[in-house]
Structures are given as structure tokens and as C-alpha cells.
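Asker: The following block contains the structure, expressed as C-alpha cells.
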Amino acid sequence: MSLVDLKNWVGEVASLTKPDSVQWCDGSANELESIKYLLVRNGTFIKLNPELRPDSYLARTDPRDVARVEERTFICSESEQDAGPTNNWMEPSVMRTLMRESFLGSMRGRTMYVIPFAMGPIGSPLTQYGVEITDSPYVVASMHIMTRVSADVLKQIEKGAEWVPAVHSVGMPLIDDMGNKTKDVSWPCNPEKVYVVHYPETREIWSYGSGYGGNSLLGKKALALRIGSVMGRDQGWLAEHMLLIRVTSPEQKQYHLSAAFPSACGKTNLAMLQPSIPGWKVETLGDDIVWIRPDASGRLRAINPENGLFGVAPGTSANTNSAAIESMSYGTIFTNVALTKDGDVWWEGLSKVAPEGLIDWKGNQWEPDMGPAAHPNSRFCFPMSNTTTLCQDWEKPEGVELDAILFGGRRATNVPLVAKSYSWQHGVFMGATISSEQTAAAEGPVGKLRRDPFAMLPFCGYNMADYFDHWLSMGESSTPEALPKIFQVNWFRKGAEGQFLWPGFAENSRVIEWIINQLEGKNKGVATPVGIVPAEGELNLFGLAVSEQDLDELFEIDFESWSIEVESTRAFFAGFGKKLPMQLELELSSLESRLKGQVPSRSV
Ligand code: TSX
Ligand code: MN
């Protein structure tokens, strides 16, 4: 679609939504300043104490608008089969009618902003462009951080670059059908009528009724993952829910690792890891989304298409992620955290004891017996340029060469601390079988296993079985030597007394060291039914107080419980019906026969 198409589309959306005015965004610092000024005047933003937290703001959402809404997220492909068993689907023509009804006059009395943005460095062959229309200045301010908002995007479109149209409205017009004006609120939204809609064939996004980041910052989950995954399928690349880091060894050799984890596994913490072992360095390229594409030599190249971090605040502290804490010391938008009496922010886990006189995320005086002061899904949002551990090459237009891919989950049992896959196909099996124990009552029964293949369950824009097949085909398009090696990790295994067996956090650098030694052929490992694990003595435990017994438990492969795991995986695979690639069934039966021929799990 050309620049003329863009202008026509903006005109069409304006005549549908009927805003008071239309404002084209250029991404300038002045524009951001005036938006922030407006947000403070509207009461959406509270300016934090500039002595403690310069250029930073707190937003409090409507308590009904605090998270992504999966049951209202739709993949509207022409055929239901293409959305697959893991997505909500509605016929595109039916949904279009619904959307027209929802958006009709939805911006009355408001300003309609047109935001041209890039996912990836402008001009890079891996970059995708988008234009988001929104009636939310909070979205404008957040898009400034999370994407590259720029008039240069229009130049790219003028030169013929493809772009994704994305329309967003909070769904709360200020003038009703009778022409009566209503007063605005600090967080307008329409929680009963939320829709987050994707049309994969025409690459369009329509989001209605929610101002919350995951539903409204449409460059992120909607474009970079759901629409991105469809583009990747059609064009031979991958859009993944992954972090991206550079690891530098004591020999000053550089490696690039990406990793996919379901929520509550500490993806952002790993993205900003400060290694405990001397001589090793980890630098951040991204914490949430990675686009991966084979280059001419068959190596997989990766970029982070985002421009900022939008991370969960609770649990983030100087102990768990000191780099994140430093990176948010200025220029940060906080959403739904608690406010301290001196105008700074607080959340559960930031310090052991809550400071006195907190105002909670709903704006009420808080006492320790009142439940959490910050919403469990409260967020910090700062630009990549704030990141103290930022890798200087993070914007390299050609991306970085991937050396290893990690798949993880939160598993108290079965899954060892680390295991290397036997092949690309086995690695794809590891990705397809990612599962995590639920940690919050909001997700359902705590401790129950939730399958989250490739950590993409809520983000795959097409049939998940076809997605597995696409992953398998990426392995066939290259040689085994050129491909990154795939590993499974689990920081969360527990012992008989319910204690974590592995200290995690900075100590995960020891696992990364073993992974890199595997890449270099410096250690042999031991073959187990589930993959290659460190042989006795290979994992660097210098200066670490992990008992011999805990270590054995960390790597134990128990036949009985793994037989149950295999059956659970079989049932999960059955949900994909005939579309499930037979290679994955093959991997499952290979695992089963390896378990039956059980070799000692960790022989000496
Ligand atoms: O992020 C985590 N990581 C990855 C770090 C780079 N978390 C937090 C998860 C919630 C977002 C972890 N929690 C990790 C981990 O490696 N490991 C654990 C489990 C754990 C928690 C507390 C301790 C140890 C392990 N405490 C002590 O051992 C004292
Ligand atoms: Mn994410």
C-alpha cells in the first residue's frame, strides 16, 4: 500500500470514528513533551518526583483494564482451520461488520493520532513498518518508547515499503449519538466490549475498548508476533516470543543466544543477567520479541524489532535484576504500581518491607493487610537506550548470528536444569512441549501444568501445527553446522522438601558457560533420554554451595514420572489432530523408546 493508500485509509478511519481532529505524529521530542503535558493535565499521568525519578510518570488504569484479554483476541483468517485450535476465530466478514459497528463514532470528541512506526531499525531488510491510529495519548507516549515513531517511516512507505495498518480506540466517545457531551475520565476504556482483532491475510489489526499496553500498543504483540508470525511463515522467517543476548566469554569470543519462556519465568531478568562467574559478560539486545531470518550463508540472523522494554514490575529488585532497576531510574512510564509519599514508585518485591504511606495502584491509601499495593501485572516502560547492559550492536541492520536457542519453563519436577537437543528436530520438539506450572490464582489452579508451545500460545497468528511445521522447515533450509543449537533449561526444579534446587539468577551464567562449551565441543555431556546433560564435573560449581544430592536431583530422569509426561504430551499433541507434523510424533516415540532403554541418567 502506497502513501496515497495511507492517506485514504486515514480518511476512511476518520469518517468512521468521527474524531474532533486528526494529528499526524512525527516521533519528535517536542511531540512527546506535549503529549506528556496533556496526559498530566488529563489526569492520566502523575508526574513523579523529578529529584528521585526524573522525567518519569505513573499511570493508573481503570481497574477493569489491567491485562491482555485472550478470550477477546481473534485471528480472523478466511478459514477457521488456518487460525487453528489454539486461537479464537470469527469469519472476517462477520468480524468486519462487528468492528464497523464498534468503531462507528467511537472517537467523537477526541483527537485521532496517526502514528507511523517501525519495528526494527528504519531501513533494515528485517524491519517491518506500521501505522497505528489511536484516540489514546497514553498509546502515543508509549509507542514513542516501544517502537521507532518517525516521519522517516512515511518516506519508506513513499519508496514502496509495505506497512501494516492498525486501528485502536479506547471505545469511549466524549459525545453521544444525541450530541450530548460527557466528561472524560483519567483512563477511558470500554471493558465489556473489548476486541483485539487480526486479519492475517490482509495484515490488518483492529483493537477496541482497552488502553492497556498489550491490547493497545499494536506494534508489539499484535504486529511483531501475531501478524509477524504469519509474514514469517509466508516469507521464510520466524517471529518469536524471545529475549536476545550477547554472551562474551573470558577468551573475548562473542555468542548470541535467544530464549523463549512462558510468563513468570524471568525472561527480562535473563535478558539483563549479570554473570556471577569471572570473565563472562552478558549484554542485552532484547527482552521480549526476536525476528529470525536465514542469511545467504544459511546462518540464522536475529533482530529485536522493539525499541523499549515493557516489563512486569513486581519481583523486580536490585537483587533479582539490578540492571533493570538502574535502567528505570529516569525516563520511565510506570503503569499500576504504587506511589510513595515522596512521589516515587514501589511494588511488591522492590524492597522487603513496604514504605509507609503508600497509595496503591487504584489510588487509595494502602495498608499492608489490603492485598498488593501494585497490581501483579503492573509495568515499567523505558527505551532500550536506557538499558545499562545494552549491547552496542543491538541496532545492526543485518542482525546478529544466532548460536543457541533456549526453551524453558517453570517445572518443579522432571525437566533437568539444562539439556541439549539431539537435533534441530528434537529441539523443535522441546519448543513444542514447553510447559509451565501456573503461579497465580488468576491463571487457574496454582501448580497446574499449562502448555505454552514456544511460549507462543497467545501470540501465534496462524495454526500452531503449521507453525511447528514452519520451525521444522527452517531446519531443512540450512546445514546442521550453520544452525543454532537448541537447549532446554529449567531454573525452577524443586527437591523433596519443596526447596528450589538451583539458585538461579546470576548463577544461571554457569549454565550458559556449559552451553557455550557444548557449542565449542569443549565438554562431552552425558546422553539421557531427554537430551545431553552436563557430565559430572562439567558444570562450573566453583564457589557455589549446591550439595551433591541437590545436583543429582536437578538432573534426575525418573522413568515413572517421565512416562506420565509422555502421555500428557501425547494428549496435548492429539489436540492438533491430523495437522500435527509427523516428525513431532516421531520425536515423542523416540523419547519413549529412549526412556524404555533407560541409560543411567547421570553416569560417571
Ligand atoms: O527470573 C528468575 N530467574 C532467571 C534469572 C536470570 N526468577 C524469578 C522468576 C519470576 C519472574 C527465578 N526464580 C529464578 C531465575 O533463575 N530462579 C528462581 C527460583 C528461586 C527463587 C529464590 C531463590 C532461589 C531460586 N532464593 C535463594 O536461593 C535464596
Ligand atoms: Mn512477552
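Asker: Which members of region 268-324 meet the condition of being acidic (D, E) and within 13 Å of ligand 2 (Cβ to nearest atom)? Reasoning before the result, please.
Answerer: First pass over region 268-324, keeping only residues acidic (D, E): 283, 287-288, 295, 306.
Once the filter is applied, which keeps residues that are acidic (D, E) and within 13 Å of ligand 2 (Cβ to nearest atom), region 268-324 yields D287, D288, E306.
Asker: Please enumerate the residues belonging to region 249-267 that are away from ligand 2 (no atom under 15 Å from the Cβ) and open to solvent by less than 10 Å² (accessible area, probe 1.4 Å).
Answerer: Residues satisfying the conditions are S249, L257.
Asker: Something else: Condition first: within 25 Å of P200 (Cα to Cα), outside any loop (DSSP other than H, G, I, E, B) and within 11 Å of ligand 1 (Cβ to nearest atom). Can you find one or more residues in region 237-251 that meet it?
Answerer: yes
Asker: Sticking with this structure for a sec: Based on what the data block shows, is F454 touching a residue at least 60 places away in the same chain (Cβ under 8 Å) and in a helix (DSSP H, G or I)?
Answerer: On the way: touching a residue at least 60 places away in the same chain (Cβ under 8 Å): yes; in a helix (DSSP H, G or I): yes.
Taking the combined requirement at face value, the residue satisfies it.
Asker: Another question about this same structure. Under 9 Å between Cβ atoms, at least 6 apart or on separate chains: pull out the pairs that start in region 265-280 with a residue that is of a type in the set (A, V, I, L, M) and end on any residue that is part of a loop (DSSP other than H, G, I, E, B) and within 15 Å of ligand 2 (Cβ to nearest atom).
Answerer: Listed by first residue and then by second, the contacts come to L270/F261; L270/D287; A271/D287; A271/D288; M272/D287.
Asker: What is the one condition in (1) of a type in the set (A, V, I, L, M); (2) touching a residue at least 60 places away in the same chain (Cβ under 8 Å); (3) more than 24 Å from W187 (Cβ to Cβ) that V114 does not satisfy?
Answerer: (3)
Asker: Oh, and also: Looking only at region 428-466, filter to residues that are open to solvent by less than 30 Å² (accessible area, probe 1.4 Å) and over 16 Å from F573 (Cα atoms); which one of those is modelled with the lowest pLDDT?
Answerer: Among those that are open to solvent by less than 30 Å² (accessible area, probe 1.4 Å) and over 16 Å from F573 (Cα atoms), it is G444.
Asker: Something else now. Please state which of the following conditions R60 fails to meet, knowing it meets all the rest: (1) in the same structural domain as Y195 (by TED's automatic domain parsing); (2) touching a strand residue (DSSP E or B) at 6+ places or on another chain (Cβ under 9 Å).
Answerer: It fails just one condition, (1).
Asker: Output the residue which, of all residues in region 260-302 that are out of contact with any helix residue (DSSP H, G or I) (no Cβ under 6 Å at 6 or more places or on another chain), of a type in the set (A, V, I, L, M, F, W, C) and within 14 Å of ligand 1 (Cβ to nearest atom), is farthest from T479 (Cα to Cα).
Answerer: Step by step, filter region 260-302, then rank; the result is A264.
Asker: Something else about it: Cβ-Cβ below 8 Å, separation at least six or inter-chain, first residue in region 491-519 and free of Cβ contacts under 8 Å to residues at least 40 places away in the same chain and in the same structural domain as T268 (by TED's automatic domain parsing), second within 16 Å of ligand 2 (Cβ to nearest atom) and open to solvent by less than 20 Å² (accessible area, probe 1.4 Å): which pairs?
Answerer: Within 8 Å, no pair qualifies.
Asker: Quick one: in region 160-169, which of the residues that are in a loop (DSSP other than H, G, I, E, B) and in contact (Cβ under 8 Å) with a residue 60 or more places away in the chain is nearest to S136 (Cα to Cα)?
Answerer: This residue is E162.
Asker: Anything in region 398-417 that is more than 30 Å from L554 (Cα to Cα), open to solvent by less than 10 Å² (accessible area, probe 1.4 Å) and part of a loop (DSSP other than H, G, I, E, B)? List them, or say none.
Answerer: Selection gives G399 alone.
Asker: Which residues, counting only those in region 522-561, are within 29 Å of the chain's Cα centre (by Cα) and closer than 21 Å to Q499 by Cα?
Answerer: Selection gives L554, F555.
The values are calculated or read from the model by the stated rules, or taken from the named source; none is laboratory data. Here the structure is a predicted model, which is why all the values come from computation and not from measurement. With ideal geometry, Cβ positions are generated from the backbone for all residues, glycine too; neighbour counts draw on all protein chains shown. To get the accessible areas, we keep the full protein, side chains included, count just its heavy atoms, and leave off ligands, DNA and RNA. Shrake-Rupley method; radii C 1.70, N 1.55, O 1.52, S 1.80 Å.
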